Amino acid sequence: MRSRSSYPSDLSDARWERIRPALEAWRRDRAGIRRPTHDLRRLMDAILYVERTGIPWRYLPHDFPPWQSVYGYFARWRADGLLDRLDSLLRHESDRTEESHERAGAEEPREGADAEQFRERADAEESPLPVHTLHRERARASR
């Protein structure tokens, strides 16, 4: 399993399994002489951490891969359109989950600890991938 502590921004196991094949295919297509150093899931979790917390790349906690590597992957995935593809995969999954909850008659708890956990989970999964990070990076680049 993973050796670092988890953050609320980390992908769930189910969401990771949904996007893992696309990330592994991207890596295979770009296989070079050097063997990859960093785990794809840790890279994705680091990108999500930056996006959700709004910190500069350089302030990325040390239990993630080095910020330079994380940003490098982010920039390549953005340039290749992979982030849009992953976002689409997760949004499609999210739409199916909402439909199944509606069919089952599930609704948001109204009060108490269950309601608070429901809201926290909904907030954490609000944006599947760093959509507005793209805009923040473009703004930084234009300064």
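The values are calculated or read from the model by the stated rules, or taken from the named source; none is laboratory data. A quick note: this is a predicted structure, and the numbers were derived from the prediction, not measured. Glycine gets a Cβ as well: all are built from the backbone with ideal geometry, and neighbour counts include every protein chain shown.
Scanning the stretch 5-14 for residues that are at pLDDT 90 or above and either over 18 Å from the mean Cα position of the chain (by Cα) or outside any helix (DSSP H, G or I) (or both) yields 7, 8, 9, 10, 11, 12. Criterion applied to 78, 2 was being crowded, with 17+ Cβ neighbours inside 10 Å and either at negative phi or at pLDDT 95 or above (or both), and the one residue passing it is 78. The set of residues in the stretch 58-93 that are outside any helix (DSSP H, G or I) and touching a residue at least 60 places away in the same chain (Cβ under 8 Å) contains only 64.
Within the stretch 16-59, being more than 18 Å from residue 75 (Cα to Cα) and in contact with a Ser or Thr (Cβ under 9 Å, 6 or more places away or on another chain) holds for one residue alone: 53.
Matching residues to (1) among the acidic types (Asp, Glu); (2) modelled with pLDDT under 95; (3) over 21 Å from residue 4 (Cα atoms); (4) surrounded by 13 or more Cβ atoms within 10 Å (Cβ to Cβ):
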residue	(1), (2), (3), (4)
21	no, no, yes, no
35	no, yes, yes, no
45	yes, no, no, yes
50	no, no, no, yes
66	no, no, no, yes
69	no, no, no, yes
88	no, yes, yes, yes
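Report yes if residue 60 is surrounded by 12 or more Cβ atoms within 10 Å (Cβ to Cβ), under 20 Å from residue 92 (Cβ atoms) and touching a Pro at 6+ places or on another chain (Cβ under 9 Å), otherwise no. No; evaluated as a whole, the condition is false for this residue.
For the stretch 15-57, a residue qualifies if it is assigned to a helix (DSSP H, G or I), without any contact (Cβ under 8 Å) to a residue 24 or more places away in the chain and not aromatic (Phe, Trp, Tyr), and the qualifying residues are 17, 20, 21, 24, 25, 27, 28, 29, 40.
Considering 126, 120, 99, 108, the condition of being surrounded by 10 or more Cβ atoms within 10 Å (Cβ to Cβ), within 22 Å of residue 7 (Cβ to Cβ) and at pLDDT below 95 is satisfied by 120 alone.
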